[in-house]
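Remarks on the structure that follows.
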């Protein structure tokens, strides 16, 4: 290996690491607020990328039907519950959020023929389809079990992951796709050639991380999420709805996931099941941070990205093995430093 | 006998199966059997123990590849292959368990996901294991010259192994070790205080689940006679967990139901779904996922309890406890010996000082009461003494030995029994079994003899001891009731019986009289007087002043984490500082 290859691998590693960092942040966020270990995070990555790819191939993405279906299902369940409870006031909100919004998005997509639109419009539409899936999935799968143990929620997560992967295969087929890059520009910095897309990924990651920082530090909703993460009962007593907090954190996670997918789709071929491994690497980073610290998770993610890039050069067949065994020293350290007997739930 | 009928019918059908059924169904039953063995391990791990693994398929793979490699590349006997597989599996499970089981509950499943993926890629990329094509030409199994070369012959082996594993698991759960396992879910802290090493118990069930999976893999390799990485990936590991959850994760037979339902469903869905969707692929996962979510939302206990309700035969319930020779008891220290000595204890939680400058002693044959307003730090003191918490600084001596760094199970071993301010018992277990957990350290038989039920003599003595203590505290009529069905006051009394089962010389009681009626309080006071007369030291936290003053030999009063007064009950009652703490100052 010479310096040029090292620089190239380093660049690769940092780009992937930035994506893992975004996913790790989303995972830490969802876990802290809802105690859900969000295995399906990766599916949002794949859905985001493949929805965009479907636009560019001139097809209507299957995720659109999923959005309509999930919205209708939530509307049905919530309407029945509202009627049973005799609270008609809820019906308007249900009609607006679960029926009208998905229908409007669908109408827009079918009317606009996104294949001919500029890239930014395609990206916006893809995000508009995938992001609402987050809160809808929270409503369908997790909300009825919000008080269950971490373990039960984890099993639900795995079930949701399987369902979404199966649906992904149904919607997008087994072939992978790539999308057109955001920018074809290339910059030469001495020996190193930097692609425009690389800068897009890094820039978007930084913007998102700063945005999240401001959201949690400066806005009422951000503070409500932090309060819920620290003490659910206490937050509820202060008038913060834990259901709202759950839906909001899932919305953020879906948004981060979909955007990550859209960012990497021009660099790597994305398949319907690519998201799982990508998401799990975000997990490795989150575990390094003990599922609590945001800065540690981001640092861990860069480490994972670099390790992956360099091991793909030296031992490409074993790169997954190497990345996933990275959690072992972390677990050793954690288990040696924790002594107390934990009482579950 | 009547309650055995469904089981006998089931066994008869199983035995006759291969004589009557066509090949296709034999194959299906063989796979159901193989999957059930794995799911059974998960029932023990997840349903009973409250831990989870998504990596069981990787353990199956270890079993299959170990024998596959040794019997083809080195032409060794399949029996050596089995031993090697079990050895490797045990080593991996112990390492993984050591890494994750001391951490909170979600690290084990996450660790097993990483492990499941890693092993799958290893199988696929190691030259000597045949890469993604795998290993072929694995020999058939032979029993005393009888070759098991067809599925029909193999069927009996699979089902004998499975039924043996079911029986062993059932036996294990109904034993001293089994009670410790059942206490893991929701009772870890309590079990530790009764002397159970919960980290060891968790490791044991993880190990058993891994070994079951390994055996299933060994059988699979010799049935199929070739192995490749596909059936050992993470997704199959997830399916195993589904089987356990859908079948009924807390019931041994649920494993069979779950494996059966999912295997048949998968077969059927794989047939029809590609036709419906017009393309090929593993679409059954969509339905499995949705089904699992619905099961967890609507029927968390799975299908088995629902099936049991369909069969009009009531399960037999144990209603008697054999009379046995009592367990040996420890030599009580002579009355007046100092049992417990706390000196300058300080406990800090971050910036909050919960205890400071606390000193007290408890002697054999006396009741020492620790009183004080709410939030004075009494329960923190209790937790530090009993090893649930550790002091920030200061000294605790129990029977002369420095103990401030010891964990609670070590305190139980040294003769300290305790109750909890917020009752900690296992609500669905019987009163008798709950109390028997207290006698955990007085039995010695391990997992192996428990699964074979070779420890029945010792078990009878433990249960008899539990009954003796329950009768002593006046709960003799409730031995077989569910512990959760008792009123709160009696649950507190149950905790005293459990603490007495530890065979303690020092008893720590945290508000034992709360929730009791007048007569029950008198009975409790009478019991504590008797215990005191037998030489037991009792440290009592209580808010009921009539109860305390009528019983205690000495009293320590705490406020804001510090001792403000100490002495005989009548002295303390007159102490102006105490009066101020309780009633407010006189201006």
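Every residue, every condition in (1) part of a loop (DSSP other than H, G, I, E, B); (2) farther than 30 Å from residue B:238 by Cα; (3) under 15 Å from the mean Cα position of the chain (by Cα), yes or no:
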| site | (1), (2), (3) |
| --- | --- |
| A:9 | no, yes, no |
| A:18 | no, no, yes |
| A:22 | no, no, yes |
| A:25 | no, no, yes |
| A:30 | no, no, yes |
| A:39 | yes, no, yes |
| A:49 | no, no, yes |
| A:61 | yes, no, no |
Members of segment A:120-149 found to be touching a residue at least 60 places away in the same chain (Cβ under 8 Å) and surrounded by fewer than 20 Cβ atoms within 10 Å (Cβ to Cβ), listed by number: A:127, A:140, A:143, A:146, A:149
Enumeration of residues in segment B:331-351 that are under 34 Å from the mean Cα position of the chain (by Cα), more than 18 Å from residue B:417 (Cα to Cα) and surrounded by fewer than 20 Cβ atoms within 10 Å (Cβ to Cβ): B:346, B:348, B:349, B:350
Please enumerate the residues belonging to segment B:240-254 that are surrounded by fewer than 24 Cβ atoms within 10 Å (Cβ to Cβ) and at the interface with another protein chain (Cβ under 10 Å from one of its Cβ atoms). none
How many residues are more than 7 Å from chain A (Cβ to nearest Cβ) and within 28 Å of the chain's Cα centre (by Cα) if we restrict to segment B:293-313? 14
Which of the numbered conditions does residue A:272 fail, given that it passes all the others? Conditions: (1) part of a helix (DSSP H, G or I); (2) modelled with pLDDT of 85 or more; (3) within 10 Å of chain B (Cβ to nearest Cβ). (1)
Name the one entry in A:229, A:253, A:258 that is in contact (Cβ under 8 Å) with a residue 60 or more places away in the chain, in contact with a helix residue (DSSP H, G or I) (Cβ under 6 Å, 6 or more places away or on another chain) and over 25 Å from residue A:126 (Cβ atoms). A:229
Anything in segment B:17-30 that is assigned to a helix (DSSP H, G or I) and either surrounded by fewer than 20 Cβ atoms within 10 Å (Cβ to Cβ) or touching a strand residue (DSSP E or B) at 6+ places or on another chain (Cβ under 6 Å) (or both)? List them, or say none. B:17, B:19, B:20, B:23, B:24, B:25, B:26, B:27, B:28
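For (1) farther than 30 Å from residue B:186 by Cα; (2) at pLDDT 85 or above; (3) touching a strand residue (DSSP E or B) at 6+ places or on another chain (Cβ under 9 Å); (4) more than 11 Å from chain A (Cβ to nearest Cβ), each residue gets a yes or a no:
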position	(1), (2), (3), (4)
B:88	yes, yes, no, yes
B:105	no, no, no, no
B:114	no, no, no, no
B:142	yes, no, yes, yes
Of the candidates B:195, B:131, B:164, the one satisfying the condition of being surrounded by fewer than 21 Cβ atoms within 10 Å (Cβ to Cβ) and at positive phi is B:131
Among (1) part of a helix (DSSP H, G or I); (2) closer than 27 Å to residue A:225 by Cβ; (3) touching a residue at least 40 places away in the same chain (Cβ under 8 Å), which single condition is residue A:100 missing? (3)
Do we find that residue B:392 is surrounded by 21 or more Cβ atoms within 10 Å (Cβ to Cβ) and in contact (Cβ under 8 Å) with a residue 40 or more places away in the chain in this structure? no
Matching residues in segment B:155-199 (under 16 Å from the mean Cα position of the chain (by Cα), more than 17 Å from residue B:451 (Cα to Cα) and in a helix (DSSP H, G or I)) number 13
Only listed residue being within 13 Å of chain A (Cβ to nearest Cβ) and either out of contact with any strand residue (DSSP E or B) (no Cβ under 7 Å at 6 or more places or on another chain) or modelled with pLDDT under 95 (or both), chosen from B:184, B:207, B:219, B:211: B:184
Can you find even one residue in segment B:520-531 that is surrounded by 15 or more Cβ atoms within 10 Å (Cβ to Cβ) and in contact with a strand residue (DSSP E or B) (Cβ under 7 Å, 6 or more places away or on another chain)? yes
Please enumerate the residues belonging to segment B:257-292 that are within 12 Å of another protein chain (Cβ to nearest Cβ) and either closer than 19 Å to residue B:34 by Cα or in contact with a strand residue (DSSP E or B) (Cβ under 8 Å, 6 or more places away or on another chain) (or both). none
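Residues are listed down the side, and each one gets a yes or a no for (1) at pLDDT 90 or above; (2) under 23 Å from residue B:566 (Cα atoms); (3) more than 25 Å from the chain's Cα centre (by Cα):
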| residue | (1), (2), (3) |
| --- | --- |
| B:368 | yes, yes, yes |
| B:375 | no, yes, yes |
| B:395 | yes, yes, yes |
| B:402 | yes, no, yes |
| B:411 | yes, no, no |
| B:417 | yes, no, no |
I'd like the full set of residues that are assigned to a helix (DSSP H, G or I), closer than 20 Å to residue B:180 by Cβ and out of contact with any helix residue (DSSP H, G or I) (no Cβ under 7 Å at 6 or more places or on another chain), limited to segment B:477-526. B:484, B:495
Lone qualifier among B:426, B:448, B:452 - being within 14 Å of another protein chain (Cβ to nearest Cβ) and more than 21 Å from residue B:541 (Cα to Cα): B:426
Please verify whether segment A:227-248 includes one or more residues that are away from chain B (no Cβ under 12 Å), within 14 Å of the chain's Cα centre (by Cα) and assigned to a helix (DSSP H, G or I). yes
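The values are calculated or read from the model by the stated rules, or taken from the named source; none is laboratory data. Predicted, not measured: the structure shown is a model, and the values here were computed from it. Positions of Cβ are generated from backbone atoms using ideal geometry, with glycine treated the same way; all protein chains shown enter the neighbour counts.
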